[in-house]
Every structure is written in C-alpha cells, then in structure tokens.
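Report on the following structure.
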Amino acid sequence: MDLMEKNLELVEIQKLEGHTDRVWSVAWNPVSSHADGVSPILASCSGDNTVRIWEQSSLSRSWTCKTVLEETHTRTVRSCAWSPSGELLATASFDGTTGIWKNYGSEFECVATLEGHENEVKSVSWNASGSYLATCSRDKSVWIWEGLEGNEYDCAAVLSEHTQDVKMVQWHPTMDVLFSCSYDDTIKVWWSQGDDGEFECVQTLGESNNGHSSTVWAISFNAAGDKMVTCSDDRTLKIWGTDIARMQSGEEYVPWTHLCTLSGYHDRTIYSAHWSRDDIIASGAGDDAIRLFVDSKDDSVDGPSYNLLLKKNKAHDNDVNCVQWSRSEGDQLLASASDDGMVKIWQVATKP
Amino acid sequence: MTLGLINANPVVQAKKERLVRTQEDQYRDDGVDPLDIYEYVRDIRDPEHPYTLEQLSVLSEESVTVDDKLDRILIKFTPTVQHCSMATIIGLCLRAKLNERLPLHYKVDILVSPGSHADEDSVNKQLNDKERVAAAMENPNLRQLVDECIFSDEI
C-alpha cells in the first residue's frame with residue numbers, strides 16, 4: 001500500500017474537554033482496543049496537576065472521562081506511561097515525584113510514590129517486560145527503578161552524564177537499552193553488559209554525529225526497533241538506525257547512526273514525534289499543527305528518505321505537545337495533547 | 001563577593017510622557033499593535049529596583065515587533081548590566097504579563113538584545129523553553145517575585 005498515492009486526510013473524531021490547564025502528554029493503554037474486546041483507554045496529563053482517564057464506549061463510539069487522578073501530585077503532571085500489562089500507570093510530575101497507580105478498572109489507586117529526583121520529573125518509561133521503569137529530570141539525571149514485590153520500587157541506577165535538563169526517556173521496544181534526550185542537545189544510549197552489568201552510557205548522539213543543534217524533546221522507535229526518530233527545538237526531525245539483528249544476537253553494543261534529517265517542514269519547536277506500527281511518523285509542533293511523514297521508498301537515494309504525507313494546520317488552538325498513535329493495528333487512531341487544554345482523537349482516512 | 005544588588009547604581013530615565021492615543025492611531029482592526037503590547041509591559045517593575053523596565057531602559061517602544069501574518073510577537077529587552085542574573089526573571093515577568101492579556105494563539109519569543117548579555121545564548125534558550133518557564137512559575141517564591149513585578153502598577 002503506497003500511502004503517498006492515496007489522498008489522505010486527518011479527521012478529527014472527537015475533542016476531549018475537561019482539563020483546566022494545558023495538556024502535556026497522552027498515553028494509550030497497550031492492552032485495550034476494540035480488537036481485544038476491550039474499550040480503548042487513553043490517559044492524559046496536565047498543568048492542572050491531574051491525570052484524566054478517557055474511555056471509548058463500544059456502543060456509542062464516543063469518548064468520555066472515566067476518572068480523574070487527582071489530589072496526589074502537587075504540581076504539573078508532565079507525562080504518563082502505562083506498564084506493558086496495562087495494569088499500572090506511572091505519572092511523572094514537576095513536584096519531583098513519580099506516581100505509580102494501579103488500574104482497578106473503574107478506579108485507580110496510587111500504590112507507590114517514587115522519590116529521589118532533586119526537582120521536576122519530566123518523563124517516565126517502562127521497559128518491554130515491565131521489570132524496569134526509567135525517569136528523568138531537570139536535575140540532569142536519569143534513574144532506573146526496579147519493581148519488587150508489594151508495590152515496592154528499588155532504585156537500580158542513577159545515571160548522571162547529561163549536562164542539562166533531561167526531557168524524555170524511552171526504553172527500546174524489544175531490548176533493555178535505554179535512550180534519553182536533553183536540553184544539552186544530545187541523545188544518550190544506556191546499556192548494561194550481561195545480566196548483572198551496571199547501566200552505563202555507551203553512546204552520545206550529538207552535533208558531531210549529525211545530531212541536533214538544540215534541545216531534543218522526544219524519541220520514538222519503529223515497531224521493529226531498528227530505527228528511531230527524534231525531534232528538536234532546532235525544528236528538525238532526525239531518523240537514526242542500527243543493525244538490530246547484530247545487536248540482538250551479540251554481546252556487544254552496536255552503535256546507532258544518523259540516516260536522515262527532515263528539515264524545512266517545521267518553523268517552530270517540534271515537541272513530539274511518534275512512529276506508528278504501520279510506519280507513519282506523526283509530529284506535534286509549536287505552530288499548532290500535526291504533520292505526518294512516510295518513507296518515500298526511493299531506491300535511487302542512499303539510505304531512507306521521508307516525504308510529508310499531510311499537514312493538519314490548526315490541529316489545535318495552541319502548541320501541540322504530544323502525538324501518540326494507538327497501538328492497535330488497522331485503527332490508525334492518533335491522540336494529540338495541546339496547550340489549549342484539549343486532547344483530540346484523530347483518524348487517518350481517505351478523502352471522499 | 002559583593003553583597004547586595006547586582007547593579008547598585010542603575011541609570012534611571014524620567015518617566016516618559018504618555019501620548020494619548022486616538023482611534024486613528026489604531027494600527028489595524030484585527031491585528032495586534034506592537035504599541036499595545038508595549039503598554040502592557042512598560043510598567044513592569046524591575047525585580048531589584050523600584051523603577052519600571054522602561055525607566056531603566058530595559059524596554060523601549062522598539063523592543064516589541066509583531067509579525068501579523070504569523071501572529072508572532074518578538075520582544076527584545078536590554079538588561080542593565082552584562083552579567084545581570086535577573087535577566088531570566090525579567091523574561092518570566094514579560095511572559096507572565098503577556099499571558100494574561102494576549103489571545104491564546106499568539107506566539108511570543110523573548111530575547112535579550114544582541115550583545116547585551118554575557119550569556120546571551122544561554123539566557124535566550126532558557127527564556128524560550130516553555131517547559132522551564134512553566135516549572136519556574138510553579139515555584140511559589142519565583143511566582144511571588146514575578147507577581148510583585150507585574151502587578152506593581154496596579155497597587
């Protein structure tokens with residue numbers, strides 16, 4: 001299916017209102033979709049210090065706010081992440097703590113609060129098996145936490161090699177390799193040798209490796225885990241790749257290399273980028289627009305190149321802070337979060 | 001180490017006479033007039049001294065430029081000294097004041113005037129990282145200082 005040949009558009013399915021301040025992030029519950037026989041669930045977090053859980057009714061197909069997680073964080077909740085089992089939701093807050101909430105269906109209970117960062121926690125990410133959690137902060141450090149029995153979490157590592165505020169952490173989709181990106185303009189890769197090894201920084205992707213020239217805001221991997229996209233205040237998206245087969249088979253770390261830079265498409269900071277299961281890259285930027293990119297599949301060019309599939313102007317009334325594709329195949333639903341206080345659900349559809 | 005103010009002897013301008021602006025002076029019906037924006041910010045009080053940013057020549061009418069097509073506002077301010085550690089506070093005050101007054105969709109970029117600060121790039125980067133700005137404004141001490149500076153003309 002060549003997406004470029006179809007005449008596609010991004011259709012707004014619904015606008016989710018409720019937050020009373022900007023919405024920073026959204027996260028799809030990984031185990032819920034109509035295909036699973038379970039209603040899709042989305043979490044959103046905000047400058048109003050709360051997290052809202054939204055659910056789509058299988059009957060009416062409309063989204064409603066099922067519950068509000070409040071009175072726990074005392075400042076902005078900056079990002080949230082579901083554990084792979086969908087049973088837990090981690091919330092990262094400017095109050096310096098990370099909340100762990102247990103999903104009891106219609107209710108959520110905060111079962112643990114992770115403390116340790118010296119100031120605002122910016123991002124939280126679970127590894128593929130759910131055994132590790134990573135957090136990062138303006139205190140320049142990345143922490144790795146291990147889940148123990150009885151809702152206890154142990155700090156397994158404090159990684160302090162970034163020289164500035166760390167904006168996001170993201171575990172690789174299949175391997176226990178951690179990636180972080182920062183106000184110091186770099187992306188760092190953290191890897192531990194063998195089973196008992198300590199995590200250490202094995203690679204830094206900076207300007208000298210064709211990296212970004214300003215704050216890197218987000219990282220997203222493709223489904224196969226052999227490519228990633230990063231977005232920056234430098235108004236570019238960069239695509240990076242590695243030899244994933246070699247990495248998975250061997251004991252040695254295989255470095256990531258720059259494959260392609262998408263420049264000239266954005267004229268404000270790009271806050272978010274997300275790679276869908278069917279290989280569409282969505283970006284959310286400070287010009288209120290959402291853009292979709294696809295691999296041009298042009299064999300004449302050295303390495304991959306990407307084309308702009310579509311640009312949705314005024315997707316929101318203000319900056320788009322986060323874009324996230326739903327996990328379920330075939331759905332092609334996209335959720336977005338904005339400074340305008342809204343969450344929106346979109347669908348990619350062929351123009352009539 | 002000297003205790004006390006960063007700049008103990010600022011140069012203070014007399015308060016500029018306010019021109020009464022008539023309907024004809026309106027720049028455009030639907031756009032934003034840079035002079036309107038200047039009105040919002042000229043009386044912000046300096047964090048260290050009991051004078052306005054205008055009186056200290058931190059701001060002037062030339063500080064504000066507007067791109068009507070893109071709905072973007074650029075403010076350049078001149079800290080009183082090269083090593084002014086209040087530069088980021090002044091930037092926060094400017095944003096806080098404008099947040100109240102401007103329609104949502106306007107984009108505001110705040111920079112120090114070129115050559116006016118020793119850490120120009122570093123200050124500019126901080127002032128325009130909205131996540132850093134948001135977190136700073138949640139700090140009660142900073143928020144209080146900013147509020148005192150931006151509401152002083154209403155006391």
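The values are calculated or read from the model by the stated rules, or taken from the named source; none is laboratory data. Keep in mind that what you see is a predicted model, and the values were worked out from it rather than measured. Positions of Cβ are generated from backbone atoms using ideal geometry, with glycine treated the same way; all protein chains shown enter the neighbour counts.
For the residues A:Asp185, A:Asp139, the requirement of being part of a loop (DSSP other than H, G, I, E, B), in contact (Cβ under 8 Å) with a residue 40 or more places away in the chain and either closer than 23 Å to A:Ser214 by Cβ or not acidic (Asp, Glu) (or both) singles out A:Asp185. Considering the range A:197-252, the qualifying strands (runs of 3 or more DSSP E), each wholly inside and each with 3 or more residues that are out of contact with any Leu (no Cβ under 6 Å at 6 or more places or on another chain), run over A:199-205, A:216-221, A:227-232. Would you be able to say whether some residue in the range A:61-84 is assigned to a loop (DSSP other than H, G, I, E, B), out of contact with any Lys or Arg (no Cβ under 9 Å at 6 or more places or on another chain) and aliphatic (A, V, I, L, M)? No, there is no match, as no residue in the range A:61-84 is assigned to a loop (DSSP other than H, G, I, E, B), out of contact with any Lys or Arg (no Cβ under 9 Å at 6 or more places or on another chain) and aliphatic (A, V, I, L, M).
Does at least one position in the range B:99-111 carry a residue that is touching a Phe, Trp or Tyr at 6+ places or on another chain (Cβ under 6 Å), free of Cβ contacts under 8 Å to residues at least 60 places away in the same chain and away from chain A (no Cβ under 11 Å)? Looking through the range B:99-111, none of the residues is touching a Phe, Trp or Tyr at 6+ places or on another chain (Cβ under 6 Å), free of Cβ contacts under 8 Å to residues at least 60 places away in the same chain and away from chain A (no Cβ under 11 Å). Among the residues of the range A:112-171, those that are polar (S, T, N, Q), surrounded by 15 or more Cβ atoms within 10 Å (Cβ to Cβ) and either more than 14 Å from chain B (Cβ to nearest Cβ) or out of contact with any Ser or Thr (no Cβ under 7 Å at 6 or more places or on another chain) (or both) comprise A:Thr113, A:Ser125, A:Asn127, A:Thr135, A:Ser137, A:Ser141, A:Gln170.
For the structure I just gave you, tell me whether A:Arg277 is part of a loop (DSSP other than H, G, I, E, B) and away from every other protein chain (no Cβ under 14 Å). Yes, satisfied.
For the condition hydroxyl-bearing (Ser, Thr, Tyr), assigned to a strand (DSSP E or B) and away from every other protein chain (no Cβ under 13 Å), what is the one hit in A:Ser328, A:Ser336?
Working: A:Ser328 fails: assigned to a strand (DSSP E or B).
Selected residue: A:Ser336, the only one of A:Ser328, A:Ser336 that is hydroxyl-bearing (Ser, Thr, Tyr), assigned to a strand (DSSP E or B) and away from every other protein chain (no Cβ under 13 Å).
For the range A:58-94, which residues satisfy the criterion of being more than 13 Å from A:Leu133 (Cα to Cα) and surrounded by 21 or more Cβ atoms within 10 Å (Cβ to Cβ)? Explain how you work it out, then say what you get.
At the first step, the residues of the range A:58-94 found to be more than 13 Å from A:Leu133 (Cα to Cα) are A:58-79, A:85-87, A:93-94.
If the condition is that a residue be more than 13 Å from A:Leu133 (Cα to Cα) and surrounded by 21 or more Cβ atoms within 10 Å (Cβ to Cβ), then A:Trp63, A:Leu69, A:His73, A:Thr76, A:Val77, A:Arg78, A:Ser79, A:Ser93, A:Phe94 are the ones that fit.
If you scan the range A:214-232, which residues turn out to be out of contact with any helix residue (DSSP H, G or I) (no Cβ under 8 Å at 6 or more places or on another chain) and not hydroxyl-bearing (Ser, Thr, Tyr)?
First, the residues of the range A:214-232 that are out of contact with any helix residue (DSSP H, G or I) (no Cβ under 8 Å at 6 or more places or on another chain): A:216-223, A:227-232.
A:Val216, A:Trp217, A:Ala218, A:Ile219, A:Phe221, A:Asn222, A:Ala223, A:Lys227, A:Met228, A:Val229, A:Cys231 - these are the residues of the range A:214-232 that are out of contact with any helix residue (DSSP H, G or I) (no Cβ under 8 Å at 6 or more places or on another chain) and not hydroxyl-bearing (Ser, Thr, Tyr).
How many residues are crowded, with 16+ Cβ neighbours inside 10 Å and not β-branched (Val, Ile, Thr) if we restrict to the range A:186-205? Total meeting the criteria: 8. Residues of the range A:172-185 that are under 18 Å from B:Asp129 (Cα atoms), touching a helix residue (DSSP H, G or I) at 6+ places or on another chain (Cβ under 9 Å) and surrounded by fewer than 24 Cβ atoms within 10 Å (Cβ to Cβ): A:Asp185 alone. Taking the stated definitions as given, is A:Gly105 closer than 29 Å to B:Ala135 by Cβ, more than 14 Å from every other protein chain (Cβ to nearest Cβ) and in a loop (DSSP other than H, G, I, E, B)? Judged against the criteria, A:Gly105 is not a match.
Scanning the range A:225-243 for residues that are among the basic types (Lys, Arg) and more than 14 Å from chain B (Cβ to nearest Cβ) gives A:Lys227, A:Lys238. In the set (1) farther than 21 Å from A:Lys122 by Cα; (2) surrounded by fewer than 20 Cβ atoms within 10 Å (Cβ to Cβ); (3) without any contact (Cβ under 8 Å) to a residue 60 or more places away in the chain, the condition left unmet by B:Ala87 is number (2).
Can you find a residue that is within 16 Å of the chain's Cα centre (by Cα), modelled with pLDDT of 95 or more and of a type outside the set (S, T, N, Q) anywhere in the range A:144-166? Looking through the range A:144-166, at least one residue is within 16 Å of the chain's Cα centre (by Cα), modelled with pLDDT of 95 or more and of a type outside the set (S, T, N, Q).
Going through the range A:294-325 one residue at a time, which ones are in contact with a strand residue (DSSP E or B) (Cβ under 8 Å, 6 or more places away or on another chain), more than 14 Å from chain B (Cβ to nearest Cβ) and not in a strand (DSSP E or B)?
As a first pass, look at the range A:294-325 and keep what is in contact with a strand residue (DSSP E or B) (Cβ under 8 Å, 6 or more places away or on another chain): A:294-296, A:303-312, A:315-325.
Next cut, more than 14 Å from chain B (Cβ to nearest Cβ) only: A:294-296, A:303-312, A:323-325.
Answer for the range A:294-325, where residues must be in contact with a strand residue (DSSP E or B) (Cβ under 8 Å, 6 or more places away or on another chain), more than 14 Å from chain B (Cβ to nearest Cβ) and not in a strand (DSSP E or B): A:Ser296, A:Gly303, A:Pro304, A:Ser305.
Taken over the range B:90-120, the criterion of being outside any loop (DSSP other than H, G, I, E, B) and not aliphatic (A, V, I, L, M) is satisfied by B:Gly91, B:Cys93, B:Arg95, B:Lys97, B:Asn99, B:Glu100, B:Arg101, B:Lys107, B:Asp109, B:Glu120. When each of A:Thr269, A:Thr257 is tested for being within 14 Å of chain B (Cβ to nearest Cβ), free of Cβ contacts under 8 Å to residues at least 60 places away in the same chain and out of contact with any His (no Cβ under 9 Å at 6 or more places or on another chain), the lone residue that passes is A:Thr269. On the given criteria, is B:Asp129 more than 9 Å from chain A (Cβ to nearest Cβ) and closer than 22 Å to B:Thr78 by Cβ? When the stated conditions are applied, B:Asp129 does not pass them.
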